[in-house]
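The values are calculated or read from the model by the stated rules, or taken from the named source; none is laboratory data. The shown structure was predicted, so the numbers you read here are calculated from the model rather than taken from an experiment. Positions of Cβ are generated from backbone atoms using ideal geometry, with glycine treated the same way; all protein chains shown enter the neighbour counts.
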Amino acid sequence: MSNTKFYLPAPSAAAGFVAMLKRDLLLSYRHKGELANPLIFFLMVVTMVPLGISPDPQFLASLAPGMIWVVALLASLLSMDVLFRSDFDDGSLEQLLISPQPLYFMVLAKVLAHWMVTGLPLTLAAPLLGVMLALPEGGYMPLCLTLLIGTASLSLIGAVGAALTVALRKGGLLLSLIIMPLYIPILIFGASAVSNAIDGFAIMGQLAVLGAFAAVAIVLAPIAAAGALRVAING
Amino acid sequence: MIALTDSLLDVIDLSCKRDQRSLFEGLTHTFCPGDIVQIEGPNGSGKTSLLRILTGVCSDYQGDILWRGQSFFTDRLDYLNHLLYLGHLPGVKKSLTPRENLHWCSGMNSGHLQIPILDALEEVGLAGFEDTPCHHLSAGQLRRVALARLYLTPTPVWILDEPFTAIDKSGVGKLETLLCEHAAGGGCVIMTTHQELALEGVDKINLRDYQPKLVQWQQEEWGIDV
């Protein structure tokens, strides 16, 4: 019997990428509560800072860049754990691994979807929180810019940790321990860019470093996450 | 290397170990177009492990697996493009509707759809449930959402792990017919099930025959019923 009719054309990676992205965005839309979680955390912490520390605008202004960056980082960390968890639990991660698609792009699509529902809203909400923390005028643009680039790196790096801990029942703490050290440089450069801008210094250097982090993360993190996912499913 | 031009999948001297325990050894089989192969064996004998090895998800094995006469790794994506695997877990997202779930699956396989998604859902008896979120569906209906992919994709190799779980009698009958049609059309089905199949011409691989001697001896010694 001839099986020539079964030579199927190779699937397009673009179609797979779009399908994955669409599905994950749709899933986030269906779980609106989870979607709002990091954002509400972000809002709550920043609201409480003036109440808990001091309402003095001058004092808050000196605190604002670092404070907003730290909270954004923690909010991003908070949302990382669920990235692959539900897919692992219902078997769709297995289907993802045996789909005829390069796993690199599949992970990238998942991270992009995740960033669009966590990092991007955080970036957009940041100016509002800047007002609440009396951020000086020159700080808004750099804050948004650094958060935009920085949260993308955070999501990418977080994906590696999420993939490494997906097979563990209680991987939450381990996940934080794995990715926290990798988050630190982004925090340092992000926060210092904002405070430098407020003090009237050039920030191109910090922006360039953040951009370099993002570029390296976009190339390497999905590869590492894909490898970690294969190991997790293998077990 | 044996190059059998007509075979789809060749398994040569395959062994699998799990936690120091050897599950099976020296398994050699050729899966040709038109075959329906049922993997048999008691619980824990490695049926699911074997299927997962054949999908490439699990790499804890020794031996060779050939896809159309070539090693499985030389053109991994090509093999995966011709494979449909339904595992223990249905891989269905509960907060999406059946239609959205199948859209995702077909998108991943670059949408070589044989029939429209709605027709496939009708075939598995889910007409009218296309837009019901899957968490409102029963276990059997969830399974049917996954099974609808059998109607959708034209892949020749089907690897099915307990496809009849939670499926009612008429559903099982329909599925058996589908498997027969697939085999007659030049496809190949590798499956595990604990149900008696009403199909003719099913090859059976009993994993008990490939268990290492020591394990059999131990089982006799300890009086474990296999």
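I need the full set of residues from the stretch B:157-184 which are among the acidic types (Asp, Glu) and in contact (Cβ under 8 Å) with a residue 24 or more places away in the chain, in order please.
B:Asp161, B:Glu162, B:Asp168
Is it fair to say A:Leu78 is at pLDDT 90 or above, over 22 Å from B:His88 (Cα atoms), more than 14 Å from chain B (Cβ to nearest Cβ) and part of a helix (DSSP H, G or I)?
no
Quick one: would you say B:His112 is at pLDDT below 90, under 21 Å from B:Asp161 (Cβ atoms) and part of a loop (DSSP other than H, G, I, E, B)?
Against the criterion (at pLDDT below 90, under 21 Å from B:Asp161 (Cβ atoms) and part of a loop (DSSP other than H, G, I, E, B)), B:His112 does not qualify.
Are any of the residues in the stretch A:29-48 at the interface with another protein chain (Cβ under 8 Å from one of its Cβ atoms), in contact with an Asp or Glu (Cβ under 8 Å, 6 or more places away or on another chain) and outside any helix (DSSP H, G or I)?
no
Would a scan of the stretch B:140-154 turn up a residue that is within 16 Å of the chain's Cα centre (by Cα) and not in a helix (DSSP H, G or I)?
Checked against the condition, which is being within 16 Å of the chain's Cα centre (by Cα) and not in a helix (DSSP H, G or I), the stretch B:140-154 yields at least one hit.
Exactly one condition in (1) surrounded by fewer than 17 Cβ atoms within 10 Å (Cβ to Cβ); (2) more than 30 Å from A:Ala134 (Cα to Cα) is false for A:Pro55; which is it?
So the condition that A:Pro55 fails would be (2).
Hey, among B:Glu122, B:Glu130, which residue is at negative phi and in a helix (DSSP H, G or I)?
Step by step, each of B:Glu122, B:Glu130 is checked, and only B:Glu122 is at negative phi and in a helix (DSSP H, G or I).
So, B:Gly171, is that one out of contact with any strand residue (DSSP E or B) (no Cβ under 6 Å at 6 or more places or on another chain), within 14 Å of chain A (Cβ to nearest Cβ), over 18 Å from B:Leu80 (Cα atoms) and at pLDDT 85 or above or not?
No: the conditions fail for B:Gly171.
Check A:Phe88 against each of (1) within 30 Å of B:His182 (Cβ to Cβ); (2) free of Cβ contacts under 8 Å to residues at least 12 places away in the same chain and name the one condition it does not meet.
(2)
Confirm whether B:Arg21 is surrounded by fewer than 23 Cβ atoms within 10 Å (Cβ to Cβ), closer than 18 Å to B:Arg208 by Cα and touching a helix residue (DSSP H, G or I) at 6+ places or on another chain (Cβ under 9 Å).
The answer is yes for B:Arg21.
Condition first: more than 14 Å from B:Val157 (Cβ to Cβ), free of Cβ contacts under 8 Å to residues at least 40 places away in the same chain and in a strand (DSSP E or B). Now tell me which residues in the stretch B:1-54 satisfy that.
Selection gives B:Thr28 alone.
When the residues of the stretch B:65-100 are filtered to those that are under 19 Å from the mean Cα position of the chain (by Cα) and surrounded by fewer than 16 Cβ atoms within 10 Å (Cβ to Cβ), which remaining residue is nearest to the other protein chains (Cβ to nearest Cβ)?
Checked the stretch B:65-100; the qualifying residue nearest to the other protein chains (Cβ to nearest Cβ) is B:Leu77.
Can you tell me which residue is surrounded by the fewest Cβ atoms within 10 Å (Cβ to Cβ) among those in the stretch B:101-123 that are at the interface with chain A (Cβ under 7 Å from one of its Cβ atoms) and touching a Ser or Thr at 6+ places or on another chain (Cβ under 7 Å)?
Step by step, filter the stretch B:101-123, then rank; the result is B:His112.
Specify the residue that is farthest from the chain's Cα centre (by Cα); the eligible residues are those in the stretch A:24-72 that are among the charged types (D, E, K, R) and at pLDDT 90 or above.
A:Asp56
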